[in-house]
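Peer 1: Have a look at this one before I ask anything.
Just so it is clear, none of the values below were taken in a lab; they were calculated from the coordinates. On a predicted model such as this, the values are computed, not experimentally measured, just so you know. Counting neighbours? That spans all protein chains shown, and the Cβs are built from the backbone with ideal geometry, glycine included.
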Amino acid sequence: MGGRRLIYLIMILAVGLPIVFGISQKPSRLVSAERMYDVVEKVRMEPGEVAMVWFDFGPNTIAENEPQAQVLLEHLFRRRIPVILLSQYQQAERFLTSIPSQVAKRLEAESPGQHWSYGEAWINAGFRPGGAIFIQSMVNAADISKFLGRDVNGMPISNYPTFSSIGGVERVKLVGEVTGLIGVLDNIIQFFQKNEYQPTIVHGCTSITIPEAYIFLDSGQIKGLLEGIAGAAWYSEILKEHFPQSENKELLVTNTALSAAHIVLILLIVFGNIVPFVERWRGRNG
C-alpha cells in the first residue's frame, strides 16, 4: 500500500471510529464560550423585548456553524427569550427553518408538557438582502415588527402576539451572529447601533476566522465567542451542567472525532520529520 493511501486510511479510521461507535470525550474548556454563556444567562428581558440571531452560513461551513446555532438557540429557548431569526446570506434560508424546529422538538421531548412553538418562541424573518443598508434602515425604523413586515410564511409579523409590537431597535437586548463569512459580523458591529444604544453581541465563527473574531472580543465589541465546533461542544457541556436533561451526544462525538484527527495529523507530521533524520543517521553509520 502506497504511503499516501496509508495516510488516508489512518485519517478515515481516526475520524470514523468515534462516529461509528459513538465515542465521546469531555471537550476542552474554552473561556470565551463560558463568557458567552454568562452573557446570555444574564440578559434580562421585559415584555416585548427580543433577541435577534443572524444565521449567515451555508452548506460549506455547516459542520461548525450549525452546532453553534443549535446551542445558542437552545439556551435562548430554555430562558424563554423570544428570538427573531434572519440572515444576510441567501444560502442560510433552509437553516433558519430547520435548526429552530429541531431544537424545539428536542426540548419538548426532554420536557413533556412544555412547548416551544413557532410564533411564540421564535419567528423566521428569512433572508434579507442589502447587507449594511438593510441593517441601517432597520435600526432607524420606529417599529421593527412593522419594518420586517412578513415572515417566510407570508404572515404579517404583527399577527404574532409575542412579536406584534416590538418597537425600535432598543428593544433588541441581544444580537447573535453565527457565520463563517467575512464582512457580515462587521455589518452588525458597525451599523446595528444608534445614539445611546449599543447591543450586546455574541458570535459563533469558524476555526479559520477565530483570529479576526478575537480582535472584536478583546475590544469588547462582542461579549462572547464560540470558536468553531470546539466552542459549541464546550457550550453544550455548560448547558448540561445547568440543565442536566440537556443532551447533545452527536455534537460531542463529532468534536471527539475532529480531535482524534488533529492528534493523528500532528503525529504524522512529527513522524514525517523524524524519518529523514533517521535515514541520514543510518546512512552515515553504514
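Peer 1: Using Cα pairs under 8 angstrom and six or more residues apart, how large is the relative contact order of the chain, in percent?
Peer 2: Computed value for the chain: 28 percent relative contact order.
Peer 1: Here is a follow-up. Under a GNM of the chain (C-alpha, springs under 10 Å), which listed residue has the highest mean-square fluctuation: 50, 178, 270?
Peer 2: Between 50, 178, 270, it is 270 that shows the largest mean-square fluctuation.
Peer 1: If the elastic network links every pair of Cα atoms under 10 Å, which of 220, 168, 113 fluctuates the most in the Gaussian network model of the chain?
Peer 2: Fluctuation is largest for 113.
Peer 1: How would 53, 275 line up from fewest to most surrounding beta-carbon atoms within 10 angstrom?
Peer 2: In increasing order of surrounding Cβ atoms, one gets 275, 53.
Peer 1: Which angle between 0 and 90 degrees, to the nearest 10, do you get for helix 249-284 versus the longest principal axis of the chain when only C-alpha atoms count?
Peer 2: For helix 249-284, the angle is close to 30 degrees.
Peer 1: Moving on to the next point. Angle between the Cα long axis of helix 3-21 and the longest principal axis of the chain, 0 to 90 degrees, nearest 10?
Peer 2: 50
Peer 1: Contact order normalised by length for segment 26-142, with contacts defined as Cα pairs under 8 Å and 6 or more residues apart; what percent is it?
Peer 2: 27
Peer 1: Using label points projected 7 Å from each Cα along Cα→Cβ, tell me how many nm separate residue 136 and residue 281, to one decimal.
Peer 2: Distance between the two pseudo-spin positions: 6.5 nm.
Peer 1: Summing -39500 (n - 2.57) over the DSSP H runs of n ≥ 4 in the chain and dividing by its residue number, what mean residue ellipticity at 222 nm do you reach, to the nearest 500 deg cm²/dmol?
Peer 2: Rounded to the nearest 500, it is -17000 deg cm²/dmol.
Peer 1: Please report the antiparallel percentage of DSSP beta bridges with both residues in the chain, rounded to the nearest 5.
Peer 2: The answer is about 5 percent antiparallel.
Peer 1: Could you tell me the calculated FRET efficiency between residue 117 and residue 274, based on Cβ-Cβ distance and R0 = 45 angstrom, to the nearest 0.05?
Peer 2: The computed FRET efficiency comes out at 0.15.
Peer 1: Using Cβ contacts closer than 10 Å as the measure, can you line up 41, 64, 34 from fewest to most?
Peer 2: 41, 34, 64
Peer 1: For 39, 172, what ranking results if the residue with the fewest other Cβ atoms within 10 Å of its Cβ goes first?
Peer 2: Ranked by crowding around the Cβ, least crowded first: 39, 172.
Peer 1: Mind pulling the angle between the C-alpha long axis of helix 62-78 and the longest principal axis of the chain? Nearest 10 degrees, somewhere in 0 to 90.
Peer 2: 40
Peer 1: Next up: Pairs 146/173; 42/105; 173/240; 194/223; 105/173: which are spaced more than 21 Å apart, C-alpha to C-alpha?
Peer 2: The answer is 42/105; 173/240; 105/173.
Peer 1: Could I ask something else about it? Using the Karplus equation 6.51 cos²θ - 1.76 cosθ + 1.60 (θ = phi - 60°), what ³J(HN,Hα) coupling, rounded to whole Hz, does each residue of segment 109-116 give in order, writing x for Gly and Pro?
Peer 2: 5, 6, 10, x, x, 9, 9, 10
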